[in-house]
1. For the stretch 47-88, enumerate the residues that are in a loop (DSSP other than H, G, I, E, B) and either within 19 Å of L4 (Cα to Cα) or aromatic (F, W, Y) (or both).
2. Do we find that S70 is surrounded by 13 or more Cβ atoms within 10 Å (Cβ to Cβ) and either among the basic types (K, R) or in contact (Cβ under 8 Å) with a residue 60 or more places away in the chain (or both) in this structure?
3. Of the residues in the stretch 30-46, how many are outside any loop (DSSP other than H, G, I, E, B), open to solvent by 90 Å² or more (accessible area, probe 1.4 Å) and of a type outside the set (D, E)?
4. Restricting the search to the stretch 9-29, which residues are in a helix (DSSP H, G or I) and either more than 16 Å from L74 (Cα to Cα) or open to solvent by 70 Å² or more (accessible area, probe 1.4 Å) (or both)?
5. Do any residues in the stretch 9-34 that are under 17 Å from Q58 (Cβ atoms) have Cβ atoms under 8 Å from those of residues that are in a loop (DSSP other than H, G, I, E, B) and open to solvent by less than 70 Å² (accessible area, probe 1.4 Å), where the two are at least six apart or on different chains, and which pairs are they?
6. Mind telling me which of the residues K57, K37, K10 ends up being basic (K, R) and closer than 16 Å to D85 by Cβ?
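The values are calculated or read from the model by the stated rules, or taken from the named source; none is laboratory data. Source: prediction; values computed, not measured. Cβ sites come from the backbone with ideal geometry, for glycine too, and all protein chains shown count toward neighbours. Note: accessible area is taken over every heavy atom of the protein model, side chains too, but ligands, DNA and RNA are not part of it. Shrake-Rupley method; radii C 1.70, N 1.55, O 1.52, S 1.80 Å.
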Amino acid sequence: MKILQSSVFKRSVKRLHSNQKRDLDKAVRAILSDTSKGEEKVGDLSGVLVYKFKMVKQLTLLAYEIKDDSLILLALGSHENFYRDLKK
């Protein structure tokens, strides 16, 4: 399975420290092992799945899509304004 990253996701990852990136890598591996781990959204965000995990003791949300045998990582962040920004 190929892993693709959106430009919004890449910018979010750039700002992370190494210990935060390790937690993110674990979350991506967990998604790859079971692509239905995330919660599927409805309405404007239909087709988008959101996986919640702890990154250095803080709840973090990871939005992704599964299309044509590829995992597309869309956004990463805390709950505050996450869904509003994801709609853009």
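1. G47, V48, D68, D69, K88
2. Working: surrounded by 13 or more Cβ atoms within 10 Å (Cβ to Cβ): no; either among the basic types (K, R) or in contact (Cβ under 8 Å) with a residue 60 or more places away in the chain (or both): yes.
Criteria not met by S70.
3. First pass over the stretch 30-46, keeping only residues outside any loop (DSSP other than H, G, I, E, B): 30-33, 39-40, 43-45.
Now drop any that are not open to solvent by 90 Å² or more (accessible area, probe 1.4 Å), which leaves 33, 39-40, 44.
Add one more test, that the residue is of a type outside the set (D, E), and what stays is 33.
The qualifying residues number 1.
4. Looking only at the stretch 9-29, we keep the residues that are in a helix (DSSP H, G or I), and these are 9-14, 18-29.
K10, R11, K14, S18, N19, Q20, K21, R22, D23, D25, K26, R29, listed by residue number.
5. L24/L16
6. The unique qualifying residue is K10.
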